[in-house]
Every structure is written in structure tokens, then in C-alpha cells.
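*Asks:* Below is the structure I would like to discuss, written out as C-alpha cells.
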Amino acid sequence: MDSTAQNKRNLDVATVPRPGSDEELVVRLAAGDAGAFDQVFDRYHKQIYNFIRKQVSERENIEDLVQEVFLRVFKSAKNFDPEKKFSSWVYKIALNEVKRHWKKSAAKQTYSLNTPVGDEGSDSERQDFIEDLRELPENVLERENFSETLKVLIDRLPDKQRTVVILKIYHELTFEEISEICECPLSTVLSRMRYAVNKLRRWLGVDED
Amino acid sequence: MDCKKIQDVIFNFVYGESSEAELLATRDHLEKCGDCAREKQVIEKLLDKIKNCEAQETVTEDCRDRMLSKIKNSLAGEEPAS
Ligand SMILES: [Zn+2]
């Protein structure tokens, strides 16, 4: 959207990448440099670990998923488009891994706490209303601990809305970056954010503040 | 910019990601409309609250090493030394 920022980024990429920058690392990665791989892993594994942790319900899967993500990063580094932002590319791979996991879990059991996998993320007021009618987990709002409450409520958001909320609030990415990661238009990202926040507000009863 | 349109741009505004034109129009509306200004405050407060209640989980050195060595093993398994 912001074409000046985009142009600036393109110009940066066109010049020789700074040593130790993501751009330089990905070039070395593509050439099979193992040292570069360690650096990429150390730069991103905490973020990716935490991103995945909030998206899957079974703790034991987190490490496996993180490994899958970085295997893919390593193997497909040669296909990385240097016009794009490297960190967004890593997140996109992580999100795809999470989606694969959701599908597998859904096939194994009717796991989904919220919308079925593949659902457009219920970007609609009507869907919001229907979800509100479903019972909240017992006593969730009476819990002493706000972060516990919030955790339950965020888990309860439709997958696609939850992804946007997590990337925005906890990972502090721009909406532009999130739209690249989620492979959807900026306007869709913004509406997912809006629906998610409105839902959390209702569930938390924030309005009577 | 009217009250309905504000809903579409409020998150851009709150996070400082509005375009120039959007920024001016949003600011202008918020100055004139108490309802939307209050709405913006509620949203900001909530976002803040959500942000502050969850710290990143640290990945232990053990966990880091375990993951990294599994990745390397699996790469080595697929691509025997060239
Ligand atoms: Zn208004």
C-alpha cells in the first residue's frame, strides 16, 4: 500500500546486503552455508516457537512443528524472493505448518474448539452472533487471573482471526506484513482484527468500563 | 469520514499505520466525534491489556539444542555429503 516504503525496501535489497542482515543470511543459506543456518535459527526460533505455541493446543507438538518450519526454511531458501521480507517469509512457512497441523488434528478428532478448518474465519457479524450463543467455557469470566481468561478466549477465536490477533498484538508485525503472511488482502486482515477484538470485548464485557 | 468508516480504519490509526490521507481524516473525525473518540480509547485500553498479560515463553538452551540437532540430523539423512 505504502509505495514509498516498498520502493525503499526494494532499493535496500538491490544494494549489497549488510553482513549479518537477513538478506545476507538468506543468500548464504541458499548456498548451503551451515553457519548461516545456525544464525537464522537463533534469530527466529523463539518468535516462531511462541507463534506456534499459541496456535496449537497440544504442547508436545510445538517442537516438532518448529523443526518442520526450519527444515522448510533451509530447503527452500533458494526459492526465496529477495523482493519480499525474509521474516514474513519465515512466518508464512510457520503458518502453513500450523495449518497442516490443524488439518491433521481435525482429521484425527473433532478437535476444533471453534470454526471448522478451512472455514473463511467467519468474517461476519452473523457468525459472530452465532458464536456468542455457544456457551463460554465454564466460569471463564469469573477467573481471578486475567491472563488465564484471555488465553481461553483467544483460543476460542476462529483460527484466522486468532492468527491475526497473535501476529499483531504479540509479534507486533504491521498489518501489511500480516497480509503477506496470511496471503490475503489488507482489508481482510483488518476486518479479522476488528471482528476478533469486538468478540474479545463482548466476551470480557469491556464496554461497561 | 463518518462513524461507520472509522471502524474500517481505526486499527490502522491506533497502530500508526494509516496512510497520510487516512490519518488526517481519522484525526479530524475523532476530534469532532466523542463517541468514536471514546471507542478508540476502549480499543486502545483493551489492546494494551491483552498485550501486557502475556510474556513470551523462553525457549530453554536444551530445547534449542534438541531442535537444532534434530533438524541437522534430518537434513544430513536426506542429503548425504556432497
Ligand atoms: Zn464518530
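Please treat every number below as a calculation from the coordinates, not as lab data. Everything numeric in this text was worked out from a predicted model, so none of it was measured. Neighbour counts are summed over all protein chains in view; Cβ atoms, including those assigned to glycine, are modelled from backbone coordinates with ideal geometry.
*Asks:* With only alpha-carbon atoms counted, please give the Rg and Dmax of region A:146-202, in Å.
*Replies:* In order Rg, Dmax, the Cα atoms of region A:146-202 give 11.0, 33 Å.
*Asks:* How many Cβ atoms of partner chains, on average, are near each residue of A:164-176 if near means within 10 Å of its Cβ?
*Replies:* Average neighbour count from other chains, rounded to a whole number: 3.
*Asks:* What does the average come to when, for each residue of peptide B:50-58, you count the partner chain Cβ atoms lying within 10 Å of its Cβ?
*Replies:* Average neighbour count from other chains, rounded to a whole number: 6.
*Asks:* Then there's this: Report, in debye and to the nearest 20, how large the dipole of region A:17-104 comes out about its Cα centre when Lys and Arg carry +1 and Asp and Glu carry -1 on their Cβ.
*Replies:* So the dipole magnitude of region A:17-104 works out to roughly 380 debye.
*Asks:* Mind checking the mean number of beta-carbon atoms from other chains within 10 Å of the Cβ atoms in B:38-47? Could you put the intermediate results ahead of the total?
*Replies:* Numbers: counts 1, 1, 0, 1, 5, 5, 0, 2, 8, 6.
Whole-number average of other-chain Cβ neighbours for B:38-47 is 3.
*Asks:* Something else now. Output the peptides A:173-182, B:44-53 sorted from most to least packed, where packing is the average of other Cβ atoms within 10 Å over each peptide's residues.
*Replies:* Descending packing order for the listed peptides: A:173-182, B:44-53.
*Asks:* Spin-label point model (7 Å from Cα, Cβ direction): what's the A:Asp33 to B:Asp65 distance in nm?
*Replies:* Label-label distance for A:Asp33 and B:Asp65, simple model: 2.6 nm.
*Asks:* Take every Cα pair under 8 Å in chain B that's 6+ residues apart, average their separations, divide by the length, and report that relative contact order as a whole percent.
*Replies:* 23
*Asks:* Right, here's the next one. Can you work out the Karplus-derived ³J(HN,Hα) for every residue in region A:92-97? Use 6.51 cos²θ - 1.76 cosθ + 1.60 with θ = phi - 60°, whole Hz, and x for glycine or proline.
*Replies:* 5, 4, 5, 5, 5, 5
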